[in-house]
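Presented below is the structure to which this report refers.
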Amino acid sequence: MNATRSGTGPTSASGPDPEEVSFAGIQKAAKLIRGAVLETPCLPAPALSALTGAEVFVKYENMQVTGAFKERGAIVKLASLTPEERSRGVIAMSAGNHAQGVACHARRLGIPATIIMPESTPFVKIAATKSYGADVVLAGETVHEASEEADRIASERGLVWVHPYDDPRVIEGQGTIALEMLETYPDLDTLVIPIGGGGLIAGNGTAAKAIRPDIEVIGVETVLYPGMWGDFYGKEVRCEGATIAEGIAVRDVGKLTRQIVRKVVDDIILAKESTIERAINAYLTRLRTIAEGAGAAGLAALMSEPERFAGKKVGLILCGGNIDPRLLSSIVIRELARDGRLVSIRIDTPDRPGVLGEIATVIGNLKGNVVDVAHHHLFLNVPAKGATLDVTFEAFDGQHGEEIVAALRERGYLVRHMEVAETFE
C-alpha cells in the first residue's frame, strides 16, 4: 500500500466550514451531555511531575463508561439527528473507542448502529463494541481501508455517517473536556493533546483558546502516523506501520479538523513507539491507572521533550484506557528489562551436577531472585560435554544486576546479556 501523503494532498470526505465549530457550540454541547457522560476528574499528578519536570495535571477520560473520551462527541452527534435519520440507523468507522461510544449511546437512544473496524483492532475493543449491541464488521488492515468499506455499506444501506472526527457536532462534543479542565485549573499554561484524525485537539483547542487566548496547545502523534504534523508544517510524510497507539493511527486527517488545527494549535510533537511504551508503564506504575497507547501519547510528548515543558503547568488528556491486557503485561515486562530490574543472561557451563545450584546460590546470596531458567544441551554451538543456561532474575536496579553478573563471571562463568530488542523506535 502506498502510504505517502503530503500536507496539501487529499484527505477524508469533504468537511463543512470550520466556522461551524464554535465556542458557543461547545458550551451548548456541555449542557447536552451533562448526566449522559461522566465529568471525569482532573487531578494533579506529582509522580509525573517528578518524572518530567513539569507540573502535571491529568484529565482521566479513561474513567468513562466505555473507557474513552469518544462518548462526548458521539452523544452530541446522535442527538442532532432527525427522527427520519434515527430510523435509518447510523454507521461509524473506528479502531475502537469511537465505535464503543457510538454503539453505547445509539443503544441508549434506540438507534440501530453498524460499526466498521479494521481487522487489526485489539480484541478487547471488538468485544466491548459488540457488547453494546452494535452490528460489528471487520474490514481492512488500516483505518483508511475500513473507512472505504464503511462508505460502501453506508451508500448501500442508506445509513447516516457518524464520523469519528471530521464533523462539527463531534468536534464540539470533544471540546467539552477543555471546559472542564480550565474550570478546575484556570491557570494551566499548556494543554498536550493526542492527535489521530484531529477531532479531540480541534475541539479542545477551540475551547481553550476562547477561554485563554494565551494558553499553549500542543498536539502529539506517533512517528509512524505523522499525518497532522505533515499538514501543519507542509511536509511530505509516510503514514504506515504497526503502532502501539492504534487509536491515533490515522493516515488521512480530517479536512475540517486540519483547518481548525492551523488556527488553534501551536506545535505538534512526534513521539517514538518506545517512548509511548514508557508512558503507558508510567501511568500504570506511578499513577496506578491504565492508559492505552493513544491515551499515553500526551505524557510521551513530555518525556520526549522535557526541557520545553520544565516548570510549566501542563494539562494532559488521558483520552483512553482500552488496552489489551496481554499487551499491557508485555509492556510492563519490557520496561522492567529496560530499567535493569529484570535481567536475562546466557551462561555457558560444564555439564556436571551442582552447576545450576551454584549459579542460583550466587544470585541468591546477592539478593537476586531467579524467575526463569532454561537448560540447553542440544545446541550445536555448545560442546558435547557442556550446557547453556538461560537465566532470568530480578534485581533492585541496573547496578545491582551488574553486580550479580560480575559475581558470576568472577566464579569463572561465561555470561552474556540477552538484551530486550528495541524494535519499536
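Numbers for the structure displayed
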read-out: Value of [θ]222 nm, deg cm²/dmol, for the chain, DSSP H segments ≥ 4, -39500 (n - 2.57) each, nearest 500; value: -12500 deg cm²/dmol
read-out: E403/A360 FRET efficiency (R0 25 Å; Cβ-Cβ; nearest 0.05); value: 0.95
read-out: Radius ratio Rg over Rh of the range 91-215, counting only Cα atoms, Kirkwood formula for Rh; value: 1.04
read-out: Using alpha carbons only: equivalent-ellipsoid semi-axes of the chain, gyration tensor based, whole Å; value: 46, 24, 19
read-out: Most mobile listed residue (T222, T184, T52) in the chain, GNM with C-alpha springs under 10 Å; value: T184
read-out: Placed amide H near V370: partners under 5 Å, 5+ positions off or other chain; value: E394
read-out: Residue-count net charge about K209 - beta-carbon cut-off 11 Å; Lys, Arg +1, Asp, Glu -1; value: -1
read-out: Subset of K125/K263; K130/K313; K70/K313 violating a 28 Å alpha-carbon distance limit; value: K125/K263; K130/K313
read-out: Alpha-carbon spread of the range 78-140, three principal axes, descending order, Å; value: 34, 20, 15
read-out: Gaussian network model of the chain, Cα within-10 Å springs - most flexible of G230, G357, G315; value: G357
read-out: Charge tally in the Cβ shell below 12 Å around Y185, where Lys, Arg are +1 and Asp, Glu are -1, Y185 excluded; value: -2
read-out: Relative contact order computed over the range 71-168 (Cα-Cα under 8 Å; 6+ residues apart), in percent; value: 32
read-out: Residue with peak Gaussian network fluctuation, the chain [Cα springs, cutoff 10 Å], from A154, A99, A134; value: A154
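Read-outs: derived from the displayed coordinates by stated rules, not from any lab. From a predicted model like this one, the values you see are computed outputs, not experimental measurements. Cβ: placed from backbone, ideal geometry, glycine included. Neighbour counts: every protein chain shown.
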